[in-house]
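**Q** Sharing a structure with you now.
The numbers here are math on the coordinates, done by the rules we state, and not lab data. All values reported here derive from a predicted model rather than from experimental measurement. Neighbour counts are summed over all protein chains in view; Cβ atoms, including those assigned to glycine, are modelled from backbone coordinates with ideal geometry.
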Amino acid sequence: MAEQAQRVAIVTGGARGIGAAIARRLAADGMAVGVIDLKEGDCGATVEAITRAGGRAFAAGADVSDSAQVAAAVEAIAAELGPPVVLVNNAGVLRDNLIFKMSDDDWDTVMNVHLKGAFLMSRACQKYMVEAKYGRVICLSSSSALGNRGQANYSTAKAGLQGFVKTLAKELGQFGVTANAIAPGFIVTDMTAATAARVGVEFEAFQQAAASQIPVRRVGQPEDVAHVASFFASEGAGFVSGQVVYVAGGPLN
Ligand code: NAP
């Protein structure tokens, strides 16, 4: 029997945090990984970790909210590694503020990176998936999709991504493509460290306070999210589509 070609995955915002952990995990699962981040040079550590472990990876710099940059990065990855059939829309930013202080720019930036970014990346990659009659789209939502004080922009974008994957699931299912969302709770990354700094709490204390409210009594690590991404990206998950899995150490109300 002919050996199956190595599948190619793209992870956006893969330079650090959750994206880096997902990129490393998908590579460990046997995929070649295209790592996209704002600056190509920032992807070096992720690419190096994958290649040092014997995998294949390629870095591309792109702002996921820019149509031309997305098209160029996806094409470069396809040329270097092969047609991408797994896409993880992970790139994200915070511009937290109570609504009376939230600027137009706070709103637009968050919508552009999370929502337009996921749309542009998915549109660019779906043609390879449809052609292959196989694909996996995974979007990073958040527990904030349920509503979170100071995050009118971010909550809206993260809730929007849940609608987005449900729609992709319906449109692309007939081509062997699934689309699902992961909604993490508190995960230890630069993003949560920045939130701690913004509210003036030492990060360790911030984590302890969060952990005390979480049923499993700990905060999450990027690898907790990567584990779920690995499942959604797997061939065996082909009958699971349009779903949202909360990775939050307990149920959310
Ligand atoms: P992070 O540490 O801040 O990493 C986000 C990455 O995305 C950074 O490398 C960043 O690049 C990149 N990025 C930002 N804007 C981009 C753009 N326009 N184009 C390309 N790349 C861009 O964040 P994280 O905590 O790992 O979060 C990853 C995802 O999970 C995000 O979507 C986030 O909303 C979601 N999430 C996180 C948590 C949590 O507790 N950490 C919880 C729920 C959901 P730069 O370094 O250049 O800015």
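**Q** Of the candidates Asp96, Asp105, Asp63, which one comes out as most mobile in a Gaussian network treatment of the chain with C-alpha springs shorter than 10 Å?
**A** Answer for the Gaussian network model of the chain: Asp105.
**Q** Follow-up question, since we're still on this one. Among Gly41, Gly242, Gly82, which one moves the most in a GNM of the chain with springs linking Cα atoms closer than 10 Å?
**A** Its mean-square fluctuation being the largest, the pick is Gly41.
**Q** I'd like the distance between the alpha-carbon centres of the range 124-139 and the range 77-94, rounded to an integer number of Å.
**A** Value for the Cα centre distance between the two parts: 10 Å.
**Q** Under a plain spin-label model, where a point goes 7 Å from the Cα along Cα-to-Cβ, how far apart in nm are Thr167 and Ala211?
**A** 4.0 nm
**Q** Continuing with the same structure: At a threshold of 8 angstrom on Cα-Cα distance, excluding pairs fewer than six apart, so keeping six or more, what relative contact order does the chain reach in percent?
**A** Relative contact order, the chain: 18 percent.
**Q** Shape of the range 133-237 from its Cα gyration tensor (a ≥ b ≥ c, root eigenvalues): rounded if a/c is under 1.5, otherwise prolate when a/b > b/c, or oblate?
**A** Prolate, since a/c reaches 1.5 and a/b exceeds b/c.
**Q** R0 = 30 Å: FRET efficiency of Asn148 with His227, Cβ-based, nearest 0.05?
**A** The calculated FRET efficiency here is 0.80.
**Q** Right, another one. When the chain is modelled as a GNM with alpha-carbon springs shorter than 10 Å, which of Leu26, Leu172, Leu115 fluctuates the most?
**A** Of Leu26, Leu172, Leu115, the Gaussian network model singles out Leu172 as fluctuating most.
**Q** Based on the alpha-carbon gyration tensor of the chain, what equivalent-ellipsoid semi-axes (square roots of 5 times the eigenvalues) come out, in whole Å, largest first?
**A** Working from the Cα gyration tensor, I get semi-axes of 28, 19, 19 Å.
**Q** Between Phe231, Tyr154, Gly117, whose Cα lies farthest towards the positive end of the dipole of the chain when Lys and Arg beta carbons carry +1 and Asp and Glu beta carbons carry -1, centred on the Cα centre?
**A** Working it through, the farthest residue towards the positive pole turns out to be Phe231.
**Q** Which lysines, if any, have their Cα less than 22 Å from the Cα of Lys39, not counting same-chain residues under 8 positions apart?
**A** Counting by Cα, and skipping residues close in sequence, Lys39 has these lysines nearby: Lys116.
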